[in-house]
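Each remark here refers to the structure printed beneath this line.
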Amino acid sequence: MASPVKINFKVYQGSTFNEVLRWESATKVYTDITNITQDAPMVVTAVGHNMPAGWRAKITNVLGMVDVNTLDYIVSTTTTNDTITFNSVNAVGFKPYISGGILEYNQPVSLDTYTARMQIREKVSSTTVIQTLTTENGMITLDNTLKTITLNIPADITQLYTFKSAVYSLEMVNGLIVTPFIYGNLTLDTEITR
């Protein structure tokens with residue numbers, strides 16, 4: 001089992017806390033690229049790629065438009081069955097695409113059979129729970145189409161928070177198997193406009 005990832009968050013008192021997470025497996029997916037546009041944003045054609053929007057990918061082994069081979073992982077903006085748009089990449093000044101290339105990304109974990117739960121406490125040792133988020137209470141939403149895990153705490157709840165800092169952990173639950181997913185610190189930014 002992989003270790004949970006540490007991610008620290010900031011909560012703005014009186015504002016909606018909304019974070020979208022994605023769960024990548026260790027399995028790599030490789031799809032042949034057949035075209036890349038010299039546009040802003042850049043659009044990659046990779047027939048039947050199966051990568052959801054918002055996923056990160058790497059492009060390698062492209063001939064002609066070699067500039068894309070030096071990019072690190074980039075996040076897709078939108079996808080169709082055969083294309084991926086990368087809004088963060090302006091390819092207008094790149095050399096023209098000639099041929100080849102591989103789209104590489106980590107396969108998303110299917111969320112179909114999962115639920116999720118998260119607790120916020122002032123310290124790990126605290127017996128008092130500040131907030132519980134679950135798929136059952138609607139504060140965690142799992143979208144198996146987009147492969148997203150969305151955490152949502154409404155503004156009317158964050159308005160009542162008084163902690164300066166706290167800790168949290170998020171677990172993914174599949175039947176009797178509980179997988180620690182992320183954990184970290186939460187800091188509260190006090191509301192000015194109220």
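The values are calculated or read from the model by the stated rules, or taken from the named source; none is laboratory data. Being a predicted model, the structure only gives us computed values, none of them experimental. Reconstructed Cβ throughout: ideal geometry from the backbone, glycine too, with neighbour counts over all protein chains shown. Note: areas computed on protein heavy atoms with side chains; ligands, DNA, RNA excluded. Shrake-Rupley method; radii C 1.70, N 1.55, O 1.52, S 1.80 Å.
Quick notes
- Measuring r between the beta carbons of Thr162 and Tyr73 and using R0 = 30 Å, the FRET efficiency lands at 0.20.
- Full extension of the chain between Asn87 and Arg194 gives 35.0 nm of extra length, using 0.36 nm per residue less the Cα-Cα distance.
- Nearest-20 debye value, the chain charge dipole, Cβ charges on Lys, Arg, Asp, Glu: 440
- Dipole magnitude of the range 104-194 about its Cα centre (Cβ charges: Lys, Arg +1; Asp, Glu -1), debye to nearest 20: 280
- Considering helices alone, the calculated mean residue ellipticity of the chain at 222 nm is -500 deg cm²/dmol, with DSSP H runs of length four and up weighted by -39500 (n - 2.57) and normalised per residue.
- Carbon plus sulfur fraction of accessible area for the range 87-194, probe 1.4 Å, in percent: 53
- Here's the picture: a label point sits 7 Å out from the Cα of Asn174 along the beta-carbon direction, and within the range 100-119 the residues with their amide nitrogen under 14 Å of it are 107-116.
- Charge dipole of the range 83-149 about the Cα centre (unit charges at C-beta), most positive-ward option of Leu111, Thr132, Gly93: Gly93
- Between the amide H of Asp39 and those of Ala91, Val92, distances stay under 5 Å, these residues lying 5 or more places away or on another chain, with hydrogens modeled in the peptide plane.
- Under 21 Å of direct C-alpha separation, and excluding same-chain neighbours fewer than eight residues apart, Lys6 reaches these lysines: Lys123, Lys147, Lys164.
- Solvent-accessible surface (1.4 Å probe) assigned to Asp82 amounts to roughly 60 Å².
- Zero-based 10 Å bins, Cα pair distances in the range 5-44, whole percents: 17, 25, 26, 26, 6
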